[in-house]
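Visitor: Can you read through this structure? Questions will come right after.
Nothing in this text is a laboratory measurement; each read-out follows from the coordinates by a stated rule. As the structure is a prediction and not an experimental result, all values here were calculated from the model. Please note: Cβ atoms are built from the backbone with ideal geometry, for glycine as well, and neighbour counts cover all protein chains shown.
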Protein chains: 2
Amino acid sequence: MSTLRDIGESGFIDRIVALLSASPEVIEGPGDDCAVLRVGDRTLLVTCDLSMENVHFRRGAAAPEDLGWKAAAAGLSDIAAMGGVPQFLLTSVAAPAETDADELEGICRGVVDVAQHCGAVVVGGDVTRSTGGIVLDVMVIGEAPEGRFRLRSGAKPGDMLAVTGWPGRSAAGFEAEERGIDAPTLVRAHYRPEPRIREGRWLCARDDVHAMIDVSDGVVQDAGHLAERSGLGVAMTSASVAADPELAALCAETGRSIQDYVFTGGEAYELAFAIDPATCGKALAAFREEFGLPVVILGEFSDAFNGVLIDGEAPTERGYEHF
Amino acid sequence: MSTLRDIGESGFIDRIVALLSASPEVIEGPGDDCAVLRVGDRTLLVTCDLSMENVHFRRGAAAPEDLGWKAAAAGLSDIAAMGGVPQFLLTSVAAPAETDADELEGICRGVVDVAQHCGAVVVGGDVTRSTGGIVLDVMVIGEAPEGRFRLRSGAKPGDMLAVTGWPGRSAAGFEAEERGIDAPTLVRAHYRPEPRIREGRWLCARDDVHAMIDVSDGVVQDAGHLAERSGLGVAMTSASVAADPELAALCAETGRSIQDYVFTGGEAYELAFAIDPATCGKALAAFREEFGLPVVILGEFSDAFNGVLIDGEAPTERGYEHF
């Protein structure tokens, strides 16, 4: 017998994908941030994200509203990663019968809040009893405007790897909270991540952005997914990681490097994308101007090797593993 | 503090629904079997159903494929209940790291099988670790052909309450298995329920079918939902329950009546509907002819009272309670 731990998340997903059949209405099945579906003259993006108590979150550490926000942000970020516009959410909740109804309502309010923040609405769900902890599954249905969307595949040799915003802050916020270090900006990045909806649409509208993903399991893993799905490798340089004063203050206390948090920190919900080197300078300047948000080049895609290199070497730490 | 047990499933749902905002694209929000959404020129039906180990199913008792089939049938049946055509499924799965990958693959194969059986495809999902038991959440996206669908509301005073197929068999199959009684047809009804997709479409296409629901928590509760949402009451007569030789054989062993299973037995996934008394005789004959399946009149809707009556009295047992 082989267990889930033996074969890992991706090994298991490979086995399930092998069971599935094709359909002319399915433009993209499993393997990207969202499935892409044809419905009449529209192109829909659908995704779901399961959050489990004591795996993805702990109660008590954060406000219930934060837990709901964070759980739903994961799916909204998947829509952003394809350049889509989120529209509808379904929320399944399971909880023990003795759960405080106010607490669970708070979690659901967080889901409603982040949906609204992103221009979407909660339209339904399911509520049932759990014999273990709280379970939250959020499904998001979005639309690809004018049928335009970006996949993980499509990066070309020589493309630059760029990452938006503040990757690493969420993981650092989690650690700050664990260690009782006062770092409200980082903790907020962990519990109230901002799905990069407008940024994703803006990037998707550009022809020089060839592939895109959201950073949910750390830049190493997620840039690795871009490379793998594009049949390429990606070489990153640690010196390219941007200064982040908030993160630097934490590093001084934890003794870890900014790079640690950026490369392997999960749940950042920033966007990582492959962009044409000929135009990326102007494009990234325009991005910063438009959104008042950093975006940095962390590496380059290549057909000379596979996998991920950091400063020429294979990274020793891979980021979040689900099993 | 009030708990989920204190306020119940519907009490909690009422609190969540109060948080939601409207949208012109949402034709029907929470409160029916599916949400009804406008996407371009199409009308979509979406629903999700969460199945928890040791609440909705036990491992070992059934083949993994059966557990997956049953979990996904719940959502497919919700699409049937509105007269829709299921198209796409998303499946979220959580399981402990030491779970046998073959077993979990079997559960997923059951989902894929029932989807295919109903003309739909699995297009994505999520896989993650659970610290408790296995969790399965299935979202189904369907379409309402030509924008036509049936709600729980819409029953009129004097309408007949009719129920398709074999309500009660699923609950009886569960009990047979619990007690070690050999009753393969009943056990199959429990683990391999048939979502009534074709039947739902056929009924929805008729103007004399005014309201519809699937029987997931027993006829008393679900016919009660039809009545409540239509602002009516419904009076059932226990003598109307059809003979079912398979069920009768079990009743002889358990000492319970066929009515017990039919009125309060959950997970039947039959359709209950309100139909015009003037045409229902011919309609039900045509239904039996078309599908080779029983359909019986169990009661009548009325504006003279609220709630559910059986033989003139309020039922003592209500069927499945989620908390």
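Visitor: Quick check: from the Cα gyration tensor, does the range A:115-208 come out rounded (a/c under 1.5), prolate or oblate?
Guide: Cα axes put the range A:115-208 in the oblate bin.
Visitor: Find the Rg to Rh ratio for the range A:258-323, where Rh is the Kirkwood radius over alpha-carbon pairs and Rg uses the same atoms.
Guide: 1.00
Visitor: Could you size up the charge dipole of the range B:4-147 around its Cα centre, putting +1 on the beta carbon of Lys and Arg and -1 on that of Asp and Glu, and report it in debye to the nearest 20?
Guide: 160 debye
Visitor: Which shape class, rounded, prolate or oblate, goes with the range A:4-147 when its Cα gyration tensor gives a ≥ b ≥ c as root eigenvalues, a/c under 1.5 marks rounded, and past that a/b bigger than b/c marks prolate?
Guide: In terms of gyration-tensor shape, oblate.
Visitor: Roughly how many Å is it from the Cα centre of the range A:70-93 to that of the range A:23-60, as a whole number?
Guide: Computed from Cα coordinates, the inter-centre distance equals 8 Å.
Visitor: For a protection proxy built on the mean count of beta-carbon atoms within 10 angstrom, sort B:73-82, B:245-254 highest first, please.
Guide: B:73-82, B:245-254
Visitor: Another one. Of B:261, A:191, how do they rank once you tally other Cβ atoms within 10 Å and put the fewest first?
Guide: A:191, B:261
Visitor: Mind checking A:80-93 for the average number of partner chain beta-carbons within 10 Å of each residue's beta-carbon?
Guide: Partner-chain Cβ atoms within 10 Å, mean over residues of A:80-93: 3.
Visitor: Let me ask something else. Across peptide B:15-23, what mean number of C-beta atoms from other chains lies inside 10 Å of a residue's C-beta?
Guide: Neighbouring Cβ atoms belonging to other protein chains average 6 per residue here.
Visitor: Okay, next question. Which ordering of A:156, B:282, B:70 is given by a fewest-first count of other beta-carbon atoms within 10 Å?
Guide: In order of increasing Cβ crowding within 10 Å: B:282, A:156, B:70.
Visitor: Here is a follow-up. Considering the Cα positions of the range A:101-159, please state its Rg to one decimal place and its Dmax as a whole number of Å.
Guide: 17.4, 54
Visitor: Can you divide the C-alpha Rg of the range B:160-310 by 2.2 N^0.38 Å and report the result to two decimal places?
Guide: Cα-based Rg divided by the globular estimate yields 1.01.
Visitor: Now, a different point. Charges at C-beta only: +1 for Lys and Arg, -1 for Asp and Glu. How large is the resulting dipole of chain A about its Cα centre, in Debye rounded to 20?
Guide: 480 debye
Visitor: I need the shape label for the protein assembly as shown. Rule: rounded when a/c is under 1.5, else prolate if a/b > b/c, else oblate, with a, b, c from the alpha carbon gyration tensor.
Guide: It is prolate, given that a/c is not under 1.5 and a/b is the larger ratio.
Visitor: Counting pairwise Cα distances across chain B, what percent come out greater than 28 angstrom?
Guide: 40 percent
Visitor: Answer with one residue from B:205, B:269, B:223: the one whose Cα lies farthest towards the positive end of the charge dipole of the range B:185-273, charges on Cβ with Lys, Arg +1 and Asp, Glu -1.
Guide: So the residue furthest toward the plus end is B:205.
Visitor: Follow-up. Roughly what % of DSSP beta bridges within chain A run antiparallel, to the nearest 5?
Guide: Taking every DSSP beta bridge within chain A, about 75 percent pair in antiparallel fashion.
Visitor: Let me ask another. Given Cβ point charges of +1 (Lys, Arg) and -1 (Asp, Glu) and nothing else, what value in debye, to the nearest 20, does the dipole of the range B:160-310 about its Cα centre take?
Guide: Using only the charged Cβ atoms, the result is roughly 240 debye.
Visitor: Quick one: net charge of residue B:305's neighbours, Cβ under 13 Å, K/R +1, D/E -1?
Guide: -4
Visitor: Just to be sure I understand: with springs between alpha-carbon atoms less than 10 Å apart, which residue in A:36, A:295, A:55 has the highest mean-square fluctuation in the Gaussian network model of chain A?
Guide: A:55
Visitor: What net charge do the residues around residue A:22 carry, taking every other residue with its C-beta under 13 Å from that of residue A:22, with Lys and Arg at +1 and Asp and Glu at -1?
Guide: Combined, the nearby Lys, Arg, Asp and Glu give -1.
Visitor: Taking the Cα centre of each part, how many Å lie between the range A:121-143 and the range B:267-315?
Guide: Each part's Cα centre sits 32 Å from the other's.
Visitor: I would also like to ask the following. Order these peptides, B:310-316, B:195-201, by their mean beta-carbon neighbour count within 10 angstrom, highest first.
Guide: Listed from highest to lowest mean packing, they are B:195-201, B:310-316.
Visitor: Same structure, new question: Need one value for A:45-55: mean number of C-beta atoms belonging to other chains within 10 Å of its residues' C-beta atoms.
Guide: Averaged over the peptide's residues, the number is 6.
Visitor: Now, a different point. Counting other beta carbons within 10 Å of each residue's own, what order do B:166, B:202 fall into, fewest first?
Guide: The most exposed by this proxy come first: B:202, B:166.
Visitor: Moving on to the next point. In A, who owns the beta-carbon nearest the axis carrying A over to B, and how many Å from it?
Guide: Nearest-to-axis residue on chain A, with distance in whole Å, is A:132, 1.
Visitor: Between beta-carbons, use under 13 Å as the cut-off and find the net charge around residue B:42, counting Lys and Arg +1, Asp and Glu -1.
Guide: Result for the neighbourhood of residue B:42: -3.
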